Structure formats: structure tokens, C-alpha cells
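The values are calculated or read from the model by the stated rules, or taken from the named source; none is laboratory data. All figures in this text were calculated on a predicted structure; none of them were measured in a lab. For neighbour counting, all protein chains shown are included, and Cβ atoms are generated from backbone atoms with ideal geometry for every residue, glycine included.
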Ligand SMILES: Cc1cc2nc3c(=O)[nH]c(=O)nc-3n(C[C@H](O)[C@H](O)[C@H](O)COP(=O)(O)OP(=O)(O)OC[C@H]3O[C@@H](n4cnc5c(N)ncnc54)[C@H](O)[C@@H]3O)c2cc1C
């Protein structure tokens, strides 16, 4: 690993200034479970590492049924799933938070880091897209902007953040009545593994709980970025809950998957898994929406 | 078996354990010598290419670089454990991705790494061959045109220039046996590279000392053999080379090769300073010495009632670019391939073949997990075709005690049936199959199945020496040339001393020897140490004991045959006991005994293993989860039940990785699984509850107190037991390891509806 400088600012302004001072040679450090591995392996270079864990806004975890969830970008996964109100409002977020890595990794790894690392296999990203998440970004001169989660990643390891920009938090809207969400992935091992394919879904049912009002579906590990399978989700809107409707959505999700063949899986297997996992996550999301 | 032993048979914990967990134990990379330099190698990016030129001038000019060596700068000697076909640094041709082309010694690793980037090599790519079956085709490129000139090659004639070794074993005449069959089955199976996955990568420090002697610290478990291999490569006589003792951080068969040892010497010689070379794990996964992949075709003839009439196995082991990491002259891989089944006609044709891939070496039970997978999977496929339960089919054909093995051996006290029965009973093989509730609830289409597999394996043999001394304080010291690979035998050897001299096992001090201190030792491996090392230590302990008893007889007039050693005291009935130290002090110095033990393998003795896997298979994704795994093992006296169980559990886990996950994947000769994120070993979450039944054989084995062997026995039948369980669960026959979800799905799709 090459030597780098380290700074631990206490404010957004200082963090952004530090990042801006070195342009693309500065990297933010949250849990470090991606960054340190990449620096050691020579897959990323940094002259300056900006530890953002000391910035209060990035440690925020605040939920209200009226405004939804604001999740600071430096909050580790374990604090997400240990938070009772967050856990009961967003089981679909707890799914990825509790399966990333292992207990040890979850003590450090953040959802913000998972997003900013922008791996196609990032487990929390489809879940956040399905839940309608929005990224709050700070830039120099006090500028801020909001980017919907589905527009955040632009390529493997790449995203909309410009040099000098910082992800401050992720906002999730309050869960609608009769809604539910779920994320599942397929891995060869039972833990500590990289998704061959992953699917996050969320559904809103009507008051009878027999019909879809709306749905959102997003996919991991089947394209250069996480995929928002908009048509697949939209196909459910207004339809009665049925195997046929779910099957149709699964087919559309498979059509949106553009996987490659690599050592982790083939195009055929990954596409097949998108279908299976779309069905399974929709079924779980529906159960959750029905309070079953 | 009832025993009257004190320490033997007790599950005592490791005497060497505290030093390891506190970090006090030293490994090669821990050593810091004055002036130590960092060595690193430049490796070939091509699977097969001619080296047109190498320009190392920029690297040589880099500040902090102390030496840069290419094949031009060192002798052209080829090296190897037996077959000498491996250049220390490639000179004209590279034959696999990862082959060493140049070496740098520098003040630190960063400088060395930087220097490697400055070396320019001009290559001309050559046609390559990756598949071992294709390597035997007439059109395949010949990888070693000078093969017939190589030292240490097998004596039998080459059928094809890429076949480095061939062997045929068997009895009767298979053509005759097939003529007697009602049905003949033929299947082909494939297995991948498996890396040993030890924690400590290969590491070596070489230092040419003031007297011009090579001093080496290296994590090699066969230092006496390494000394010879070094001598052949670097031209120093063996007595000018000293391999010093050091701990080894895991072996599993992989730490018997020379790896960077020769290059480290040349760098040290060129710089006049000690040089340390530690492979990183990318280099380990790219260019160490993994288990050989194999392509295996089995043809089996059976009668309608399930009686096997003949079996013919054609085994092609993919050695990669060199054969230098195999310790045998001929080929021994696949010798147990036919299985422990009764038949009059058998034939095994086993080949070792060159390809443009990583050179392979030994891993736990070399050759056996491959052929046992093929053999035992085919047994189930045949049983099912015949409508017989695979257990009944095995019982019907299993060699019984007193009968001839399919290679014509007469196994004494053969434990096949009792061990198989014990496994079946313990596993609840015949009980109803139920999907566990947590799986039933997760949305998958799970089906449960059970599978059996069996294997047998010899007890290893070889030579070892030991010395024991007792001083006037009663301190007992054991000297051994065996290097600690982490398998626990430093505790077992102390138990032997403890048993014979009546001192607490953890008060026996153990001093490992260098190669200067003993004549020879076969080293660790091949299910040998408890037998060979154990007998050497036992012999030395008996020698000391006899001397002390004679001394006591002399001094006190005790009848020599009645002297007993217990609780650090020496006593004889009706006399006042004396402490061991007080008695030894009367000798006027140390009381010492040594012993050298030499043995040949006993082909008429084997250890039998029967295993049962219970799995659940998701028919929608093809995912396999192992729910339970049972091992029944034929044993003699178990010297340390805890260490013994550790070998069984570890062997099962490594077998489970081989069955379901582990594979060095290649794309055009380049390994793509170069981290432990991509080369997937099981984690503890992948390990099901493991059950073990030990089945006591009456004959025991050749180890002291009648022990058999356990290090290699539990691994080979794991993968076929799991494959057979998958077949039982969903009817999918997966004939290629690892059994990935995708392969299960493919097999399901190709099933007749
Ligand atoms: C053993 C192990 C197992 C793993 N298992 C999984 C798994 O199962 N699933 C999975 O998805 N991932 C897994 N990962 C990857 C990693 O743990 C996750 O991606 C994690 O969420 C990253 O979070 P972090 O806080 O550690 O990020 P860091 O490593 O701190 O940062 C990741 C990237 O984001 C940037 N960054 C971080 N915070 C900000 C910010 N506020 N603003 C701008 N840029 C920022 C960093 O510069 C860096 O490029 C695993 C990693 C390891 C080591």
C-alpha cells in the first residue's frame, strides 16, 4: 500500500474543502471495508484519505412516520438494524444491512459507503432504489443537491459525485400504508460472498390488500450498475395480486437484466436468478405489506 | 480396545498451542536478519511464449535495488523434487501464466515491486494447450521437446510427448470381465484445481554466511529433500547447505515444494546479503502447487444382480507446465481408483500430462479425491440404473475381510462392512427425509437427499530419527527433524515420550533439528508422521528408558525389568522411589537415547472410510445446502482423540469445499480467481453438523501403540457423498466438480421429464 495523508474533519464544510483540495486524488473514508481493501490491493490510489466519521450530519439516523428516514452516510449497518423504529418501518432496508459481509463487517460497513463504492453487486443499492431513496450530496461553497438513488451509480465503481463532493445522507420516504419491501441475493456460500444476482422489490397494496397500487423493482450484479427495472415494477400497478402478475413482472425484470459471463456466473444463470428472486422478493414484500 | 496408558489416548491440548496463539511462535516471515533484503519475482503474463529479449537496465538503475537476475545470470540447471524439468528462472520459453522470468532484491518490497515494473520483456506468443485431453492429441503443441533428456523422469516409454508419466495397474483381463457383464456403464468425470488454502504463503530466507555456506529458513516440510533439490540447482554440495528449523503455517500437502528457494539463494549470492521472499496470495493462487485437475472415464460391467464383473478407469491428471512439484518418479495418482470392491478383472490407466497451466503438486491424499469422486459417483449411477439401493449395491460388492482387493492385495482385518454399516446407522440413512423448517419457509423448492461414498487409504511409511535426553534436573528434551506444519504432532510426539518416561507431556521440551543435526528424514506428509515419527520417538524413549533402568539396577540393585517410570519418579516394587532427575544426575551427565526408524509401505494394511451426506437442493436455483455429514472411520489406537477428530473435521471441511465451491478458474490459461473473494473456500457458516463414529479395528496399525493414519483419510469420499446426495434429492447427476448451482440446474434441465 502506498503512503497517503489522513485527515478527520468535524464539519461538512471542512470535509468538502479537504476533498476538493486534492480532486480525484482524495477519497472519503467511512467504514473503510471497501476503500482500505482497494488501497492495499492497488486497485485505487489516494494521496489524501478524508475520514468522514466525525461529521455529525453523516452520523444522523432519524426517523419519523411523517418525514421518513434520514440515514447519515457514515452510519454502520449494525446501527441501522439495531434501531427498532427503523427496523420496523423498513424491513426491506434491514435485509441488506444484515447480510452485508459478516457481523464484524457490519460493525463498520455503511450503507453510504455501499452506494458510493457503486459496485454492481452492492447489496443495499437495489433495496434503496426500491424504497424510493434519494441521495443528499454536499459540494463546495455550501452547495447541495439531491439525486434519486436509481440515478446515482453511473458505471462499475463510478457515480455522479464530482471531485470535492460528499454524500451526506440517504433519505427514504415514509412507508405508505399497506406497503412492504424485500431484498434477496444468490451467493454460492452461505455468507461472506458477492451476489451472483440480487433483487430488491417494494410494493404498495390497496386497502383490500388484494391489488397492487404500485411497485418498484431493482437488480444487483446483472449490469455495469444496479438496475432500476421500472417497467417490471410498473407492470404490477393496478393489477390484482396473482401468480400471473408476479410472473409477468419477473419476465420484465429478466428482460432488463444485462449480465455478463464471468467467474461468478453466466448470463444464463444470472438472468434465470433474476426471475426467481423477483418472484420470491415480491412474494415476501406482499406478505410484509399484508402484515403476515 | 482397553488400554492402560497414561497419556496415550487422552485428548490433551496442544503443548505448542500457547506460543502460537500469543504470537511467540516464529514463522519465516517473522525473522529479521541484519541487512535483510526483500526479493520479488517478475512473472510471465502469457501461458506459452518465447522470450525474445529482456531489458532490466532501468530496474538495475533504480535506487535501493541491489540485484536484478534473469535466466541469463544464473546456470541453466533444471530443478525438481524428482523430475527435473523446471528452470529456476525462465530463459527461452515460458509455459504458464505466473512463471518466474526475473528476480529483484531491493531494500524494501515497494522498491522491489517498482523495479519489476521497469523490466521490459519482449515475448512472442506460442500456441498453447489447456485441456489435458487435448494435450494428448496429435495436433497438440509439444511443451517439452527435450523431455527425454530430463533427469528423474519415469522409466516407462512416453506414449505422447506431452504425457510425462503413465502407469497401469490391475488384475485379470477386463475384456473378459466385460464379456461376462449383463450391462456396461461408461461415464466421464472432471475435477478442478484445488488450492491448499493454508494461512501462511510460501516464504523463504536465504543467506550465504561468512563461510560461504547457504543458511536457509523456509516453510518446507521436507527439508532433507529440499537440501538435495537445492544442491542440484545451485551446485553447492549438500553439506554446504543448512536448512534451519522453523514453524510452518499450514501445509495440507502444499508445503513440500522448493518454490522460491533457489532464486532466493541466487539473490543472496549476488548481493552478499540475506534475502527474504514471501509470496503474496495472488501469487499463491496463480503460481503455487495446487491439486491436479483430472478427467476420468470409468467403464464398469455388472451382472443383473449387481455383481461387478470388471472395471476399467482411464485417468488423465493435468500436471500443468511442469512436473517438478511431484515427489514420485512414476505416477501413483489414482491407484485406489477402482474402489474397495470385489472383482476378478480390473485395470487402471493413469496419465500425467503437460498443459500450459500452473504446475500442480501435492495436496492432502494426492490423486485420491479426484478418482474417488469419479468411482463413487459411478457406483451410485449404476445402482440406480439397476434399481438397487446404493447402500445395498455397495454391500453386495464390497471386499470382505480375507478376500483379495481389486489390485490383488490381501488386506488384514479389512473393516469395510462394519465401517459402512456404522456410517449408515449413525447418519439415519434409511430414515424419512424431511426439509428443515427454516428452508421450507424461505420460498425455495427444496428437496432432501442422502448419499454414501467410501474409500480406503494406506498408512504412510518412510524414515525418521529422534533423540531424547534427560538431565540432572529431570528435564526431558526431545529432538526431532520433523518441522511443525500445525497438524498437532508435536503434542502427539510429546505424549509418546510422556507415556514411556512417566513425565507430564507438556513438560517435555521439544527441539526441532536443522538438516545438520540428522542424517535423513522423509519429512511430513503422506499419512506418515504418527507412524514414522512416532516410532522414531518411541524407539528413542525406549532406549533412554532402558539406560535409566540399567542405571537404577546398577546403583540400587533393582531388578531391571521391574523398574517403572511414573509421575516423574522412577521406582521398583518394595523400594524407595527416586526422582527421574536424581537418577539421571547419577549418570554424571545427560542420559540420552536415539533411534532411527525405517519402513516400507505395507500394502496389505489399509484404513477404511465411509461417509454419508444429507443435503437439501433448491430445484429452482440449483443451490445445494449440506444439512448433515457423517463419517465412520476405521481406526487403531487413537493416540490423541482431540487431534484425531481435528483431522477428520478438517478433512471433511476441505472435502466439502472441493465438492461445492473451490476451483481455480481459467480464461485462456489465466486464473481469474486470484483472491479469497473469488476462490471460495467454505466459511464456518457452510459447515453442517459433523458426526463421527470410530470403528475399532482389532489389528490396529504400525504406529506406536497400534495407531493407524487419519490425516488424509477423511477427505476423498466427501465430494462423491455430496454428489450422490444431490442425485438422491433431485435426480440430477453432476459429473464435474465443484457442484455449483448452475451445474445442478443444467443436470435438472437435461433430465428426461
Ligand atoms: C469481508 C467483506 C465482505 C463484504 N461483503 C459484502 C456484501 O455481502 N455485500 C456488499 O454489498 N458489500 C460487501 N462488502 C463490501 C463493503 O463492505 C460494502 O460495500 C460497504 O457497504 C462499504 O461501506 P464502508 O463504509 O466500509 O465504505 P468505505 O470503504 O469507507 O468507502 C467505500 C467507497 O465510498 C467512498 N465513500 C464512502 N463514504 C463516502 C461519502 N460519504 N461520500 C463520498 N464518498 C464516500 C469511499 O471513498 C470509497 O470509495 C464486503 C467487504 C468485505 C471486506
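Scanning the range B:147-170 for residues that are in a strand (DSSP E or B) and crowded, with 18+ Cβ neighbours inside 10 Å yields B:163, B:164, B:165, B:166, B:167, B:169, B:170.
For residue B:688, indicate whether it is within 14 Å of another protein chain (Cβ to nearest Cβ), touching a strand residue (DSSP E or B) at 6+ places or on another chain (Cβ under 7 Å) and modelled with pLDDT of 95 or more. When the stated conditions are applied, residue B:688 passes them. Being more than 6 Å from the ligand (Cβ to nearest atom), under 15 Å from residue A:33 (Cα atoms) and surrounded by fewer than 24 Cβ atoms within 10 Å (Cβ to Cβ) is the filter here; which residues of the range A:107-120 pass it? If the condition is that a residue be more than 6 Å from the ligand (Cβ to nearest atom), under 15 Å from residue A:33 (Cα atoms) and surrounded by fewer than 24 Cβ atoms within 10 Å (Cβ to Cβ), then A:107, A:118, A:119 are the ones that fit. Of note, residue A:37 does not satisfy the criterion of being surrounded by 17 or more Cβ atoms within 10 Å (Cβ to Cβ) and within 8 Å of the ligand (Cβ to nearest atom). The selection criterion, being touching a residue at least 40 places away in the same chain (Cβ under 8 Å) and assigned to a loop (DSSP other than H, G, I, E, B), holds for residue B:702. Evaluating residue B:506 against the criteria (1) buried (at least 24 other Cβ atoms within 10 Å of the Cβ); (2) part of a helix (DSSP H, G or I); (3) in contact (Cβ under 8 Å) with a residue 60 or more places away in the chain leaves one unmet condition, (1). Scanning the range A:171-193 for residues that are under 12 Å from residue A:216 (Cβ atoms) and over 14 Å from the mean Cα position of the chain (by Cα) turns up A:173, A:176, A:179, A:180.
Please tell me if residue B:471 is out of contact with any strand residue (DSSP E or B) (no Cβ under 7 Å at 6 or more places or on another chain) and either at pLDDT below 95 or under 30 Å from residue A:283 (Cβ atoms) (or both). The answer is no for residue B:471. Taking the range A:161-193 as the region of interest, how many residues are within 14 Å of the ligand (Cβ to nearest atom) and more than 21 Å from residue A:16 (Cβ to Cβ)? Qualifying residue count, the range A:161-193: 11. When each of A:217, A:260, A:286 is tested for being under 25 Å from residue A:88 (Cα atoms) and either within 14 Å of chain B (Cβ to nearest Cβ) or assigned to a helix (DSSP H, G or I) (or both), the lone residue that passes is A:286. Residue B:418 falls short on exactly one of the conditions (1) farther than 23 Å from residue B:717 by Cβ; (2) at pLDDT 95 or above; (3) surrounded by fewer than 19 Cβ atoms within 10 Å (Cβ to Cβ), and that condition is (1).
Among the residues examined, residue A:169 qualifies as touching a strand residue (DSSP E or B) at 6+ places or on another chain (Cβ under 9 Å) and more than 14 Å from chain B (Cβ to nearest Cβ).
When the range B:56-79 is examined, which residues are found to be without any contact (Cβ under 8 Å) to a residue 60 or more places away in the chain, assigned to a loop (DSSP other than H, G, I, E, B) and in contact with a helix residue (DSSP H, G or I) (Cβ under 9 Å, 6 or more places away or on another chain)? Once the filter is applied, which keeps residues that are without any contact (Cβ under 8 Å) to a residue 60 or more places away in the chain, assigned to a loop (DSSP other than H, G, I, E, B) and in contact with a helix residue (DSSP H, G or I) (Cβ under 9 Å, 6 or more places away or on another chain), the range B:56-79 yields B:62, B:63, B:64. Just one of the listed residues (B:128, B:140, B:151) is over 27 Å from residue B:53 (Cα atoms) and modelled with pLDDT of 95 or more, and it is B:151.
Listed conditions (1) surrounded by 17 or more Cβ atoms within 10 Å (Cβ to Cβ); (2) outside any loop (DSSP other than H, G, I, E, B); (3) within 27 Å of the chain's Cα centre (by Cα) are all met by residue B:21, apart from (1). Of all residues in the range B:719-753, those that are over 32 Å from the mean Cα position of the chain (by Cα) and within 13 Å of chain A (Cβ to nearest Cβ) total 4. Take residue A:210 and tell me if it is farther than 15 Å from residue A:288 by Cβ, touching a strand residue (DSSP E or B) at 6+ places or on another chain (Cβ under 9 Å) and away from the ligand (no atom under 16 Å from the Cβ). Yes.
Within the range B:111-123, residues that are farther than 12 Å from residue B:65 by Cβ sit with their Cβ atoms under 6 Å from residues that are part of a loop (DSSP other than H, G, I, E, B), at 6+ positions apart or across chains, in these pairs: B:123/B:46. Among the candidates A:132, A:112, A:155, the residue that is outside the structural domain of residue A:265 (by TED's automatic domain parsing) and out of contact with any strand residue (DSSP E or B) (no Cβ under 9 Å at 6 or more places or on another chain) is uniquely A:155.
Can you name every one of the strands (runs of 3 or more DSSP E) wholly within the range B:195-264 that holds 2 or more residues which are more than 28 Å from residue B:648 (Cβ to Cβ) and either modelled with pLDDT under 95 or out of contact with any strand residue (DSSP E or B) (no Cβ under 6 Å at 6 or more places or on another chain) (or both)?
On the way: elements: B:203-208, B:214-218, B:241-244.
In the range B:195-264, no matching strands (runs of 3 or more DSSP E) lie anywhere.
Of all residues in the range A:84-106, those being more than 10 Å from the ligand (Cβ to nearest atom) and either within 19 Å of residue A:132 (Cα to Cα) or touching a strand residue (DSSP E or B) at 6+ places or on another chain (Cβ under 6 Å) (or both) number 11.
Taking the options B:662, B:614, name whichever one is within 14 Å of another protein chain (Cβ to nearest Cβ) and buried (at least 17 other Cβ atoms within 10 Å of the Cβ).
B:662
Looking only at residues of the range A:135-146 that are in contact with a strand residue (DSSP E or B) (Cβ under 7 Å, 6 or more places away or on another chain) and more than 12 Å from the ligand (Cβ to nearest atom), we find that the one that is farthest from residue A:216 (Cα to Cα) is A:144. Among the residues of the range A:194-205, those identified as under 14 Å from the mean Cα position of the chain (by Cα) and near the ligand (Cβ under 9 Å from one of its atoms) are A:195, A:198. All conditions but one from (1) in contact with a helix residue (DSSP H, G or I) (Cβ under 7 Å, 6 or more places away or on another chain); (2) within 13 Å of the ligand (Cβ to nearest atom); (3) under 26 Å from residue A:18 (Cβ atoms) apply to residue A:158; the one that does not is (1). Looking across the range A:60-82, the residues that are within 11 Å of the ligand (Cβ to nearest atom) and within 18 Å of residue A:9 (Cα to Cα) come down to A:72, A:73, A:74, A:75. If you go through the range A:149-187 and keep only what is surrounded by fewer than 20 Cβ atoms within 10 Å (Cβ to Cβ) and closer than 23 Å to residue A:262 by Cα, you end up with A:154, A:155, A:156, A:157, A:158.
Looking only at residues in the range A:260-275 that are touching a helix residue (DSSP H, G or I) at 6+ places or on another chain (Cβ under 9 Å) and buried (at least 24 other Cβ atoms within 10 Å of the Cβ), the one that is nearest to residue B:439 (Cα to Cα) is A:273.
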